[in-house]
Amino acid sequence: VGEASQGGFDALIAADQRIEPRDAMPEKYRETLIRQIAQHAHSEIIGMQPEGNWITRAPSLRRKAILIAKVQDEAGHGLYLYSAAETLGVDRAELLDRLHDGKQKYSSIFNYPTLTWADCGAIGWLVDGAAIMNQVPLCRCSYGPYARAMIRVCKEESFHQRQGFEILWTLMRGTEAQQAMAQDAADRWWWPALAMFGPPDTGEAAKGGGHTEQSMAWGIKRFANDDLRQKFVDMMVPQADKLGIVLPDPDLRWNEERGHYDFGEIDWDEFWRVLRGDGPCNAERIEHRRSAHEEGAWVREAATAYAAKQASRRQE
Ligand code: ACO
């Protein structure tokens, strides 16, 4: 951007106003948004897989109907987000190619398996709980189309979180085997859910990288990763108590002085390993996504042909 447009952009950011698609913006701002929004969109559609795995095996018709609706919501979130990314001048087909080629990421959390029905409860409660904590501030993101998409996404995520809590609530009031299943799911999802917020913004585990400082200066991110993680822990401990679930962290305790819960060390080596493609389900997730894309090619071709036919009719 030229000097005058940079000034206009800086003034809008300083006044906490929204940047809209036609406004001038620095190239790095645009690139950062494309990276984050695309990664977010990819997470939504890859995130359909772990729970989709349980649709045929949900324990009742009611649970099946809820789960289908929930997984469909995630597809919808992906669509709003790809649309928001397209306002920045990229094509969604290109973004999907980058996902399939491994050039863009999706959330680390979706590389873990859903072994039992209780995992659907743990995902709703912990993963969607973490998603809300991270996404509510994004409703105030400086980029208008992303911020607006987040409002509806957050409303739906709140419902998802409650349905997860309710699955675990029911299991925790069931047989001993059901209680053990709920506890086991929480044991397996707790640490990966904490890692979802991203690496610490400073220190050894940050690996020197990190976009937080710049993204906060631009009003894209409103909080540092560690601050959101702390808020999440503080919110979840009382909920775990209500459920009767013991969170798998011996270091978890209230710190009167800080007014927050202290918690143990996250395994950042595991996080970086998962990001490099070496998590329990990375290969399976990407393979499934690629084959769904190929098998859906005829739908995209038909839709394009139909749109062209409609357009030529309008010209007649
Ligand atoms: N999974 C995969 N990659 C991650 C994760 C994660 N959980 N957290 C951080 N990273 C990556 C970043 O993409 C970045 O990679 P890069 O340097 O190669 O570009 C690197 O780790 C360093 O992280 P940050 O500097 O913290 O990166 P960023 O500023 O983008 O913050 C965050 C990461 C917090 C995830 C941010 O992108 C964000 O808020 N995204 C929107 C929310 C979202 O994507 N949610 C998806 C899961 S929720 C759901 O779908 C239900």
In region 95-179, if the dipole is taken from +1 on Lys/Arg beta carbons and -1 on Asp/Glu beta carbons about the Cα centre, which of MET150, MET133, THR175 is farthest to the positive end?
MET150
Can you sort ARG285, ARG18, ARG300, ARG162 by 1.4 Å-probe accessible area, starting with the largest?
ARG162, ARG300, ARG18, ARG285
Using +1 on the beta carbon of Lys and Arg, -1 on that of Asp and Glu, and nothing else charged, what's the dipole of the chain about the Cα centre, debye to 20?
1240
Order of exposure, largest accessible area first, which applies to THR175, THR212 with probe 1.4 Å:
THR175, THR212
Among the listed pairs LYS28/LYS231; LYS105/LYS155; LYS28/LYS309; LYS103/LYS242, which have their C-alpha atoms separated by more than 32 angstrom in this model?
LYS28/LYS309; LYS103/LYS242
Hey, what's the chain come to in accessible area per residue, 1.4 Å probe, Å²?
51
When the helix-only estimate is applied to the chain (DSSP H runs of n ≥ 4, each -39,500 (n - 2.57), divided by the residue count), what is the mean residue ellipticity at 222 nm, nearest 500 deg cm²/dmol?
-20500 deg cm²/dmol
How much FRET efficiency would the formula 1/(1 + (r/R0)^6) give for MET216 and GLU316, where r is the Cβ-Cβ distance and R0 is 41 Å, rounded to 0.05?
0.15
Calculate the spin-label point distance for GLU3 paired with ASP97, positioning each point 7 Å from the Cα along the beta-carbon direction, and give it in nanometres.
3.9
Report the label-to-label distance for SER83 and THR175 in nanometres (one decimal), using points 7 Å from each Cα along the Cα→Cβ vector.
4.6
Could you work out what % of the accessible surface of the chain is carbon and sulfur, using a 1.4 angstrom probe and leaving DNA, RNA and ligands out of the count?
54
For SER215, solvent-accessible area (1.4 Å; no DNA, RNA or ligand), Å²
0
Relative to the compact-globule scaling 2.2 N^0.38 Å, provide the ratio for the alpha-carbon radius of gyration of the chain.
1.07
Could you sort THR304, THR32, THR87 by accessible area so the largest value comes first, with the probe set to 1.4 Å?
THR304, THR87, THR32
Any idea what % of Cα-Cα pairs in region 238-311 are farther than 20 Å?
66
Seen from all sides and averaged, what is the projected area of the convex hull of the Cα atoms in region 129-211, in nm²?
6.9
Phi angles of region 257-264, converted by Karplus (6.51 cos²θ - 1.76 cosθ + 1.60, θ = phi - 60°) into ³J(HN,Hα) in whole Hz with x for Gly and Pro, give 5, 7, x, 9, 7, 7, 9, x
Provide the solvent-accessible area of LEU138, counting protein heavy atoms only and rolling a 1.4 Å probe, rounded to the nearest 10 Å².
10
State, to one decimal in nm², a quarter of the convex hull surface area for the C-alpha atoms of region 1-140, i.e. the direction-averaged projected area.
9.6
With viscosity set to 1.567 mPa s at 4 °C, what whole-number translational diffusion coefficient in µm²/s follows for region 85-126 from Stokes-Einstein and a Kirkwood radius over Cα pairs?
102
Under a crude label model (7 Å from the Cα following the beta-carbon direction), how far is GLN72 from ARG30 in nanometres?
3.7
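The values are calculated or read from the model by the stated rules, or taken from the named source; none is laboratory data. Computed from a predicted model, the values in this text were never measured in an experiment. Don't worry about glycine lacking a Cβ; one is built from the backbone with ideal geometry, like all the others, and counts go over all protein chains shown. What goes into the accessible areas is simple: the full protein's heavy atoms, side chains included, and nothing from ligands, DNA or RNA. Shrake-Rupley method; radii C 1.70, N 1.55, O 1.52, S 1.80 Å.
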